[in-house]
1. Excluding GLN118 itself, calculate the net charge of residues whose Cβ lies under 15 Å from the Cβ of GLN118, where each Lys or Arg counts +1 and each Asp or Glu counts -1.
2. Can you give the three extents of the C-alpha atoms in segment 49-158 along their principal axes, from longest to shortest, in whole Å?
3. Of the heavy-atom accessible surface of segment 139-271 (probe 1.4 angstrom), what whole percent is carbon and sulfur?
4. Where is the GNM fluctuation largest for the chain (alpha-carbon springs, 10 angstrom cutoff): VAL198, VAL167, VAL151?
5. How do GLU136, GLU227, GLU121 stack up against each other in accessible area, from largest to smallest, with a 1.4 angstrom probe?
6. Can you give the percent of C-alpha pairs in segment 143-213 whose distance is more than 20 Å?
7. Only bridges with both residues in the chain count here: give the DSSP antiparallel percent, nearest 5.
8. Can you give the relative contact order of the chain as a percent, counting alpha carbon pairs under 8 Å and 6+ residues apart?
Amino acid sequence: MIRRLVGTAIAVAATFALVTAPEASAATTTFTGAVALSNCSGSVVKPAATPMDAPAMVLSNGHCLEDGMPDPGQVIVGQASNRSFDLLSPDGQSSVGTVTATKVVYATMTDTDISLYQLSETYADIQQKYNVPPLELVNSHPQAGTPIDVVSGYWKQIYSCSIDGFVHELHENNWVWKDSIRYVPGCATIGGTSGSPVVDRNTGKVIGVNNTSNDNGESCTLNNPCEVDEAGNTTVRPNYKYGQETYGIPACLTPANEIDLNQQGCTLPKP
């Protein structure tokens, strides 16, 4: 983690070299749907079956919440919010407008690291006013080897690599995340890329959300997650970057983008 920015000036000074030379990204991947938060990145996402007249939804990390990180075991449902998000132009060079949350539909850092904000605008409103369609949130498990683009609204930068594999449990400080996405070595995500959508470059659809990296080789500490396999063996991979899968989210949403953790097929943690 923590891939949000807590001390922005320090992070900017420390990361310019990385920002100026990311891996080249696919020409087909744009900033359409990407948003910038005050400390993180995010995206306007929509499950395929959700109607365009539903309240729109922004996906980011649980650790990017404006009132601080959820405790281990904590699940937030239906919490009021008036957070605003800068909606980016397709080329990422400017903001086309601002969208505003009405509530945190769901957020947790248990098993996964996600936040879902419901907006005052519908998907149709945003597309009509700003000519920005939502990104599709798929409901199938990602595959190893998939080429990905991590689209950071905060940095207005796209970081390209591919999926190396999946982690049984990723431990960071007191948090545990399950079936996390591990990127191939050299993926150059940095502070502020927290909450960025992980986009399948072949389809342009969202298959995950960026959330952490092992910054300096420590084991299972803050900003230094470790991998724990089914047998309980711990592996530390310095400088490796990780994301969280999002395919389980659509099964927990109603057509009106409300959370229903009792729906058939929903496996997100409950309060």
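1. -3
2. So the extents along the principal axes, rounded to whole Å, are 39, 39, 30.
3. On the way: 2240 of 5100 Å².
Reported share for carbon and sulfur atoms: 44 percent.
4. Top of the fluctuation ranking is VAL167.
5. GLU136, GLU121, GLU227
6. On the way: 602 of 2485 pairs.
Of all Cα-Cα pairs in segment 143-213, 24 percent lie more than 20 Å apart.
7. 95
8. Once divided by the residue count of the chain, the mean separation gives 23 percent.
The values are calculated or read from the model by the stated rules, or taken from the named source; none is laboratory data. Please read all numbers here as calculations on a predicted model, not as lab measurements. A quick note on method: Cβ atoms are made from the backbone with ideal geometry, for glycine too, and the neighbour counts reach across all protein chains shown. Heads up: the accessible areas ignore ligands, DNA and RNA and are worked out on the full protein's heavy atoms, side chains in. Shrake-Rupley method; radii C 1.70, N 1.55, O 1.52, S 1.80 Å.
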